[in-house]
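The values are calculated or read from the model by the stated rules, or taken from the named source; none is laboratory data. Remember, it's a predicted structure, so these values are computed and weren't measured experimentally. Using ideal geometry, Cβ is built from the backbone for each residue, glycine included, and neighbour counts are taken over all protein chains shown. We work out accessible area using only protein heavy atoms, side chains counted, and drop any ligands, DNA or RNA first. Shrake-Rupley method; radii C 1.70, N 1.55, O 1.52, S 1.80 Å.
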Amino acid sequence: MADMSSFPITKKWPAKNPDIIQLYSLPTPNGVKVSIALEELGLAYEAHRIEFGPEGVKSPDFISLNPNGRIPAIVDPNGPDGKPIGLFESGAILVYLADKTGKLIPADPAGRYETLAWVMFQMSGVGPMFGQFGHFHKFAADKVANNSYPVERYRDESKRLLSILEDRLRDRQFIMGDEYTIADITTFPWIRGADVFYGGREALDYASFPAVMAWLDRCLARPASQKGLEIPAKP
């Protein structure tokens, strides 16, 4: 049995099976990336639901694993050289899981680096911009009722990013072509989330991006996506 005592988070959220990957997350656009990847890869894992607030992501136990106080995070008892490893940041976790299994990322160096470029495109662009759009469009709408600038700024930038994806996907099944990769897994939950979580489908004019919408449907139709989107489950 793996020794997880060096990870304080396992005291607050004990592992039922410390020999498998421990996932600390919520079913948000960032959180579901990792559960979807784990399902795609067929890796054994145990999901812990970490709520927002002082008893969850802001607790000392969680911050001991992720100093930034954000989900998702993982502890893998079978990390490099067989030693346990704790990781945070969804993009880093996806790259780690892909490298661990040799799946969801091209084997050839050129394809690998191109995939990583699209992962970074999501991490640096789609996630932050869609997140800010959603915040002002839905959650802070009352605070900017007399100032349209924040919503317009992030809406327009989100649409610009969608247009880049539209060009990329116009003649492709997935971001890297016929191969489904972590580039797709890191991105499609945010395209879905802008609609499901933020109610932004019309504001972002999704109808103008048919290639993106068709790709989103293909990603959502995958059994691993359907399962991963609901993990961690509600108590």
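Points worth noting:
- The listed residue being closer than 30 Å to Tyr96 by Cβ and among the acidic types (Asp, Glu), out of Asp205, Asp142, Asp184: Asp184
- Just so you know, in region 1-21 the residues that are outside any loop (DSSP other than H, G, I, E, B) and among the charged types (D, E, K, R) include one that is farthest from the chain's Cα centre (by Cα), and it is Lys11.
- Just one of the listed residues (Leu38, Leu43) is aliphatic (A, V, I, L, M) and open to solvent by 10 Å² or more (accessible area, probe 1.4 Å), and it is Leu43.
- Qualifying residues in region 1-35 (those that are of a type outside the set (A, V, I, L, M, F, W, C) and over 15 Å from Ala73 (Cα atoms)) - the one least open to solvent (accessible area, probe 1.4 Å): Pro18
- Check on Asp156, over 30 Å from Asp108 (Cβ atoms), assigned to a helix (DSSP H, G or I) and either among the charged types (D, E, K, R) or open to solvent by 10 Å² or more (accessible area, probe 1.4 Å) (or both): yes
Table: residues versus (1) basic (Lys, Arg); (2) under 25 Å from Ile71 (Cα atoms); (3) surrounded by 17 or more Cβ atoms within 10 Å (Cβ to Cβ).
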| site | (1), (2), (3) |
| --- | --- |
| Ser124 | no, yes, no |
| Pro128 | no, yes, no |
| Gly134 | no, yes, yes |
| Ala140 | no, yes, no |
| Asp167 | no, no, no |
| Met176 | no, no, yes |
| Glu179 | no, no, no |
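- Within region 142-153, tally of residues that are in a helix (DSSP H, G or I) and open to solvent by 40 Å² or more (accessible area, probe 1.4 Å): 5
- Close pairs (7 angstrom Cβ cut-off, 6 or more residues apart or separate chains): farther than 11 Å from His137 by Cα in region 147-163, surrounded by fewer than 17 Cβ atoms within 10 Å (Cβ to Cβ) anywhere: Lys159/Asp205
- Within region 93-119, the residues that satisfy the criterion of being open to solvent by 60 Å² or more (accessible area, probe 1.4 Å) and under 21 Å from Tyr24 (Cα atoms) are Asp99, Lys100.
- Taking region 46-92 as the range and being in contact (Cβ under 8 Å) with a residue 40 or more places away in the chain and open to solvent by 70 Å² or more (accessible area, probe 1.4 Å) as the test, the residues that pass are Pro60, Arg70, Asn78.
- Filter result (touching a Pro at 6+ places or on another chain (Cβ under 8 Å) and open to solvent by 10 Å² or more (accessible area, probe 1.4 Å)) within region 193-232: Phe197, Leu229, Glu230, Ile231
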